[in-house]
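Here is the structure we will look at, set down as structure tokens.
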Ligand SMILES: Nc1ncnc2c1ncn2[C@@H]1O[C@H](COP(=O)(O)OP(=O)(O)OP(=O)(O)O)[C@@H](O)[C@H]1O
């Protein structure tokens, strides 16, 4: 419930739309109530006048009630139409705000804070849960407020005629609008919660299946995955069937209460008429008015039923948004320093929840324009060093500065604008080659794009495609070979003229010819930039290249490759291992 109240607070900027929607909803219900009550009285009164004789007919004013009936009928249609427009406007505005809030909350968590999440589950929270919450005003909050306000006015209206009638109506409305829906809510709580969880699981499984289709097929595991999705789907259908049965019960019980209240108005009206407290035609006013009054509470069973699922969705979304970002963001960044020398003193880094630090006591100085190669076995902490520089993960000890400015004092976006990363896993987005290049520099013109493609040795490939820059690359770049995708990421790097170039094994897995071409292109980009390159391989290192070797998160060697491979240290051992493996 706390989450739903928090959700309501998000409506604050649209309170005018929200209040207008509720006001128009109340007006619609009251117009309908007045229309039926007046019509009931008018029909009964004309019937009485009809048998009362000519004098009574002449004295009876037919015109004012007839005009009233027309007025309320028109008012009802107009209020309903305007109400729908306003409600939907409020809903779409809130939906847009919710999506913005969710995205803004998610972005600081990526990538380290989301490392433990399933992609499909995140998708479910961002799409299905938020869409569900978008309906909160229209289907839950607004019906409750309209019902409460309209029920009070209508019961007061009846109470003016007779306090007993007012009380009876209020009792009927409370039973149909609160007691019956609460009973259905109690019955529906478990299946509603199960439906939300099952939908999320099913969506996550489906996303996994689509993303890992090739692996599932080669491992012959697609059948097992399909059975898993089938089982979740069957359980979801069972939960939805139960919910539908409960909703049916709620609707039927509500109708029964409405009918009984209307029926009870007849003997009550008769007794009041016998006691000369009301005129005879007012009995029809009470009966038909009571029938119309239940329009106010008709949406409440559905609203109560949605409440459980909405509370679950709100909890799932806010749970994500409430996670503290792995790295705290300063409000603003200091001015960019003149020289961008990098310096780490005693830096340690530990991922959230990890038992051991990924980097421990790192002392490293890299001057602007220097090229450094980072060596180390798998898990040594090489990528963590990049995560630290890009502020994806915070350091828990030591100081890390760039041009003398503490990394923690620079906003993530500003810091990352200094770096370009080229790695072995290039994120290619479904769209055109142009779309993928413009990610790196949205304002780049065609000349700049072609220049970048030339630098990355990809221009001939793009020219040979019928669509040129507008050729589609497929989901995750499925229409590109691994080497082409890698060169596309190099073209992106060429578009971003950043002072630092971070290379994470970008040639891993390329054939020797493609690799040679890629390295030539890379050399053009690396000139005049500070380059930090991660590699497992030593064959491209020259003797005067600076290498830094990491082992279990610590620097175990730092110096010129030629000197280090001559000694007895870890670089020399790695170098000998490499030579031995080449001989076999
Ligand atoms: N998001 C994370 N959460 C928790 N631990 C992590 C996370 N990312 C990496 N680690 C751990 O931190 C350590 C260093 O990982 P890192 O990715 O830096 O190694 P690496 O040297 O780049 O390895 P590789 O060459 O295999 O890519 C490893 O023990 C790894 O399991």
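The values are calculated or read from the model by the stated rules, or taken from the named source; none is laboratory data. For clarity, every value in this text was computed on a predicted model and none was experimentally measured. Because the Cβ atoms are built from the backbone with ideal geometry, glycine has one as well, and the counts that use them run over all protein chains shown.
The table that follows gives values for the structure above.
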read-out: Test for residue 96: is it away from the ligand (no atom under 16 Å from the Cβ), surrounded by fewer than 16 Cβ atoms within 10 Å (Cβ to Cβ) and in the same structural domain as residue 9 (by TED's automatic domain parsing); value: yes
read-out: Cβ pairs under 7 Å, 6+ apart, first in the range 96-112 and in contact (Cβ under 8 Å) with a residue 24 or more places away in the chain, second within 16 Å of the ligand (Cβ to nearest atom) and part of a helix (DSSP H, G or I); value: 112/387
read-out: Tally of residues being out of contact with any helix residue (DSSP H, G or I) (no Cβ under 6 Å at 6 or more places or on another chain) and within 16 Å of the ligand (Cβ to nearest atom) across the range 398-433; value: 4
read-out: Positions within the range 497-515 being over 33 Å from the mean Cα position of the chain (by Cα), loosely packed, with under 13 Cβ neighbours inside 10 Å and away from the ligand (no atom under 16 Å from the Cβ), in sequence order; value: 511, 512, 513
read-out: The range 48-77, residues that are in contact (Cβ under 8 Å) with a residue 24 or more places away in the chain and more than 30 Å from residue 148 (Cβ to Cβ); value: 48, 66
read-out: Residue ID - nearest to the ligand (Cβ to nearest atom), chosen from residues in the range 360-376 that are over 18 Å from residue 500 (Cβ atoms) and surrounded by 14 or more Cβ atoms within 10 Å (Cβ to Cβ); value: 376
read-out: Criterion: in contact (Cβ under 8 Å) with a residue 24 or more places away in the chain, part of a helix (DSSP H, G or I) and in contact with a helix residue (DSSP H, G or I) (Cβ under 6 Å, 6 or more places away or on another chain) - qualifying residue of 440, 485, 448, 444; value: 485
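Residue by residue, here is whether (1) at pLDDT below 85; (2) in contact with a strand residue (DSSP E or B) (Cβ under 8 Å, 6 or more places away or on another chain); (3) under 15 Å from residue 293 (Cβ atoms) holds:
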{"position": "172", "(1), (2), (3)": "no, no, yes"}
{"position": "175", "(1), (2), (3)": "no, no, yes"}
{"position": "179", "(1), (2), (3)": "no, no, no"}
{"position": "210", "(1), (2), (3)": "yes, no, no"}
{"position": "225", "(1), (2), (3)": "no, no, no"}
{"position": "237", "(1), (2), (3)": "no, no, no"}
{"position": "245", "(1), (2), (3)": "no, no, no"}
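Results for (1) in a loop (DSSP other than H, G, I, E, B); (2) surrounded by fewer than 18 Cβ atoms within 10 Å (Cβ to Cβ); (3) in contact (Cβ under 8 Å) with a residue 12 or more places away in the chain; (4) within 23 Å of the chain's Cα centre (by Cα), shown as yes or no for each residue.
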{"residue": "197", "(1), (2), (3), (4)": "no, yes, yes, yes"}
{"residue": "203", "(1), (2), (3), (4)": "no, no, yes, yes"}
{"residue": "215", "(1), (2), (3), (4)": "no, yes, no, no"}
{"residue": "220", "(1), (2), (3), (4)": "yes, yes, no, no"}
{"residue": "228", "(1), (2), (3), (4)": "no, yes, yes, no"}
{"residue": "235", "(1), (2), (3), (4)": "no, yes, yes, no"}
